[in-house]
Amino acid sequence: ADVAAFLALSDAKKVDELFRLFPPAGDVRGLGAAITRAKERISELESAIKGKEQSCQSLSESLAGLNLPAGSLPEVQATIVQTEREYQAARDELTRERLKQTQARAEREKPDTAQQSTLFSQPQGTLQAPVQPKQVNQPAFPHGSGVAVAALERVLSVLRRAGCESCAAQMVLRRELKQLRTEMDNAGILEQQVSGLRSRLDTLRAEERLFQRAAGLEAQREKDHAARMELAAELEAAKKNLAELRDKKSAAMQGTATAIAEKMGRMLPYGAAWFSVDDDGAVFLGWEIPQHGIVPYGGLSGGQRVLFESALAYALARQDRQNAVILIEGAELGQEIGLLLESVAANNLDTQIIACTCHELAAVSDGWTAVRVREAAQ
């Protein structure tokens, strides 16, 4: 067997060759494909779990940044309902007050025919210009403002300067001013109440929107958390499935690994050979050396490689091949070649082996024929 050619093969072809020589007990390739799929699924689940965790963290930060007011959404909504009732009642009251004022103004602006008749029926000797106090209030002043009051106050001031301290016009003006101030006070109080309730409603609805947003964020966070828990359970099941697949693959390959180790062990002077294939199809060949543990092929010394490759060549040799020959170049072995010769002799291998060395051996094991090149040349 050409060990150098075997070692130069790809891992997949190494596995093919070893499985051809030492058939596994199960569908190793199928199990390997199943393991690959299981690992991909685990990677997908881990990525999905990480995404849900990041989403939950982001939602928590958003919730913390809302600065929610005291209370709860149901409490705020109940307060909104109550405040809306109060707001509507205040508006209705304000509407009634304005209607009342409008009606009162209309009533005051009606002509007083009885007063006019009295004034025009005075005796001729005492006849004086009739006083029409109602005419003072006839100009249309804007309703609900202080314009009417200011205008009447200016008229009253003119009358006082004219010396009309006790005339009917001044009395009427005073009465009108008092009435207007009362109406303005009543309307002003109601308007302030309506405005305050309107502002309170705006604040409550803003708080309601905050609570609703918080409820939406919390619902999404709970949803993501539940999804994460489901993914975590699926991940646990996927890892368990992967472990089972690996166990099945190991069991299926155990026969091959054991057969290779046993056959190589017949030539190795000490320790045991190791063979395995990982999930990605990488082949591991190594030698368990006493006091050194399992050393991979690439970590063996020159002399150790000679011994290991000799045993591997024997393991790779077809059993049905007649007159198989294994050639060992033992220049790097030194006196260790004697250990190899002893191991081969002790196991009575049914293969012709030619070992070359430039070192003089102290003794030659039974079953071996020592030939010195110099003597043969002579």
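The values are calculated or read from the model by the stated rules, or taken from the named source; none is laboratory data. Treat the numbers as computed from the prediction; the structure is a model and nothing was measured. No Cβ is skipped: glycine too gets one built from the backbone with ideal geometry, and neighbour counts run over all protein chains shown. Quick note on the areas: whole protein, heavy atoms, side chains included, nothing else; ligands and nucleic acids left out. Shrake-Rupley method; radii C 1.70, N 1.55, O 1.52, S 1.80 Å.
Quick notes
- Take ILE260: with every protein chain present and a 1.4 Å probe, its accessible area is about 0 Å².
- Annotation: amide H-H contacts under 5 Å for SER276 (H modelled 1.01 Å from N, sequence separation of 5 or more, or interchain): PHE284.
- The simple spin-label model puts a point 7 Å past each Cα toward its Cβ; for GLU222 and ALA345 those points are separated by 8.4 nm.
- FRET efficiency, 1/(1 + (r/R0)^6) with R0 35 Å, evaluated for GLU262 and GLU360 via beta carbons: 0.60
- Residue (of ALA34, SER55, PRO24) at the positive-pole extreme of the stretch 1-63, dipole from beta-carbon charges: PRO24
- Cross-link reach list, aspartates and glutamates versus LYS50, counting only Cα pairs under 18 Å and skipping chain neighbours closer than eight places: GLU40, GLU61, GLU222, ASP224, GLU230, GLU234, GLU236
- For ILE328, the residues 5 or more places off, or on other chains, whose built amide H falls under 5 Å of its own are ILE354, ALA355, CYS356.
- For a modelled paramagnetic label at GLU191, 7 Å from Cα along Cα-to-Cβ, the residues of the stretch 83-104 in reach, with backbone nitrogen under 16 Å, are 91-102.
- One chain, two ends: THR203 and THR369. Fully extended at 0.36 nm per residue, the span grows by 49.0 nm beyond their Cα-Cα distance.
- Across the cross-link table entries LYS13/LYS248; LYS14/LYS248; LYS39/LYS240, which are compared at the Cα atoms, the separations over 18 Å belong to LYS13/LYS248; LYS14/LYS248.
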